[in-house]
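Okay, so here's the structure we're looking at.
The values are calculated or read from the model by the stated rules, or taken from the named source; none is laboratory data. Just so it is clear, the model here is predicted, and its values are computed rather than measured. Because the Cβ atoms are built from the backbone with ideal geometry, glycine has one as well, and the counts that use them run over all protein chains shown.
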Amino acid sequence: MLLASLSALLLALLIDRWLGEPPVRWHPVVWMGHYLGWAGRQLQRQARPDGADYRSFWLGGLAWLGGAAMVIAAALAIDQVAMTMPLVLAAMLLGLALKPLLAWRMLRTEVQAVEQALQQSLPAGRERLSWLVSRDVSALSEAGVRESAIESLAENLNDSVVAPLFWFVLLGLPGAALYRFANTADAMWGYRGVYRSQRWEWAGKWAARIDDVLSWLPARLTAGLLLLMAGWRGLRLAGALRKEAGKTPSPNSGWPMAAMALVLGVTLRKPLVYGLNPDGREAKAVDTEHAVTYAEKTLLALMAVAVTAIIYVAYRGVA
C-alpha cells in the first residue's frame, strides 16, 4: 500500500500539471462547499444578533463533525477498495481521488492572470484579483494588487498544496480529505464578527480552530522550504521569519507569506493590518514570476521529502 501511495502522489501531481481541475460537478471540494453552504444557512437561522451564542457554537461543532465524518467515510471507502486492487489500479484510484484535494496549477494560473490583467490596466488587475481574495480591492494601488496576489500565492501554496500532501503522507487519503474539508470550512465559516451580513464569530469557531491546528505544521514546513529554496541567503533570513510571521492575525498564514516576502526582498502589506518585511522594496511585475518560481521549487522539494518519508517507512516495515 505504501508503494501505491507513492505512485498515487506522483500521479496526482502529473494530473494536476497536465489536466488541472476536474469538472465542477465531479469535484469533491465543491461537494464539501455545497454541504457547508447548506449547513451554514441552517446555522445562520439560529444565530443570535449579538452577545455570547453558545447554541450556535455547539450546532456549528456538530455540523462540522457531521461533514467531517462523511468526508472521512468516503475516503476510507476508497482506501478499502484500493487495497483489494492490483498495485497499478490501486495507484490510479488513489491518484485520481487525491488530485482534487490539491490545486497547484489553478493557483499558479490565477496568480499569473492577475499580473497579466494588471499589465492591461489597474481596474482590470483589481477585477481579476477579486476572483482570488475576499478582501476589498477597490482602493488598492498597482503595487497593492501585486502584493495581494503574491500573498495569496504564498498562503494557498500551503492550504492548497503543501498541507494536503503533508496529511496524505501522514494519514493517507482520509488525512488529505479531512484537511481539505477543514480548510474549506474555515474559508466559509471562519470569520470573526459579521461577514457579509452573517455572524460567524460563534458558529464558525470550530472550523477556524481546527483549521489552525491542522495547518500549524504544514505552514511552517512551507515557510522553511521557501527559505531553503533561496539557498544561503534564505538561511540567513531564517532569524527574521518568526518576527515577521507573528505580525499577522492568523497563527499560520503569516509563515509562508513572511517567507515569500523575505526571499523576494519585497514588502507585503494588508492595509491597516500588517506589513511583512517592511524594509523590503515595492513589488514589481518580475516579482510575481519569481514568486511562482519559488513556489514551484518548494513543491519539488516537498515531493523529495514526501518520497523519502514513504520509502523510509516502507523500508522500516520490511526490515
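Considering (1) part of a loop (DSSP other than H, G, I, E, B); (2) over 30 Å from R199 (Cβ atoms); (3) small (G, A, S), the lone condition that A52 does not fulfil carries the number (2). Among the residues of the stretch 84-108, those that are surrounded by fewer than 14 Cβ atoms within 10 Å (Cβ to Cβ) and either closer than 20 Å to P218 by Cβ or not hydrophobic (A, V, I, L, M, F, W, C) (or both) comprise T84, P86. Is there any pair linking a residue in the stretch 30-43 that is under 10 Å from T184 (Cα atoms) to one that is among the aliphatic types (A, V, I, L, M) and surrounded by 15 or more Cβ atoms within 10 Å (Cβ to Cβ), with Cβ under 8 Å and at least six apart or on different chains, and which? As it stands, the answer is M32/V71; M32/A185; G33/M188; L36/A185; L36/M188, since those pairs meet every condition given.
Candidates in the stretch 254-275 are the residues that are surrounded by fewer than 17 Cβ atoms within 10 Å (Cβ to Cβ) and of a type in the set (A, V, I, L, M); of these, the one that is farthest from Y294 (Cα to Cα) is L272. Just one residue in the set K284, K297, K247, K243 is modelled with pLDDT of 90 or more, of a type in the set (K, R) and within 30 Å of G172 (Cβ to Cβ); that residue is K297. Between L157, L221, L217, L178, the distinction of being surrounded by fewer than 18 Cβ atoms within 10 Å (Cβ to Cβ), in contact (Cβ under 8 Å) with a residue 40 or more places away in the chain, out of contact with any Lys or Arg (no Cβ under 8 Å at 6 or more places or on another chain) and in a helix (DSSP H, G or I) belongs to L217 only. Looking across the stretch 19-41, the residues that are part of a helix (DSSP H, G or I), of a type outside the set (V, I, T) and loosely packed, with under 13 Cβ neighbours inside 10 Å come down to L19, R25, W26, H34, G37, W38, R41.
Checking each residue of the stretch 44-52 against the condition of being of a type in the set (D, E) and surrounded by 15 or more Cβ atoms within 10 Å (Cβ to Cβ) gives no match.
When residues in the stretch 53-82 are screened for being without any contact (Cβ under 8 Å) to a residue 12 or more places away in the chain and either crowded, with 16+ Cβ neighbours inside 10 Å or among the polar types (S, T, N, Q) (or both), 1 of them pass. Residue-level check: of (1) buried (at least 24 other Cβ atoms within 10 Å of the Cβ); (2) in contact (Cβ under 8 Å) with a residue 60 or more places away in the chain; (3) under 14 Å from the mean Cα position of the chain (by Cα), M188 misses just (1). Only one of the numbered conditions (1) outside any helix (DSSP H, G or I); (2) under 25 Å from T109 (Cβ atoms); (3) not basic (K, R) is not met by D279, and that is (2). Evaluate the following for E244: is it of a type in the set (D, E, K, R) and either in contact (Cβ under 8 Å) with a residue 40 or more places away in the chain or surrounded by fewer than 18 Cβ atoms within 10 Å (Cβ to Cβ) (or both)? When the stated conditions are applied, E244 does not pass them. Screening A139 against (1) in a helix (DSSP H, G or I); (2) small (G, A, S); (3) over 18 Å from the mean Cα position of the chain (by Cα); (4) surrounded by fewer than 24 Cβ atoms within 10 Å (Cβ to Cβ) leaves a single unmet condition, (1).
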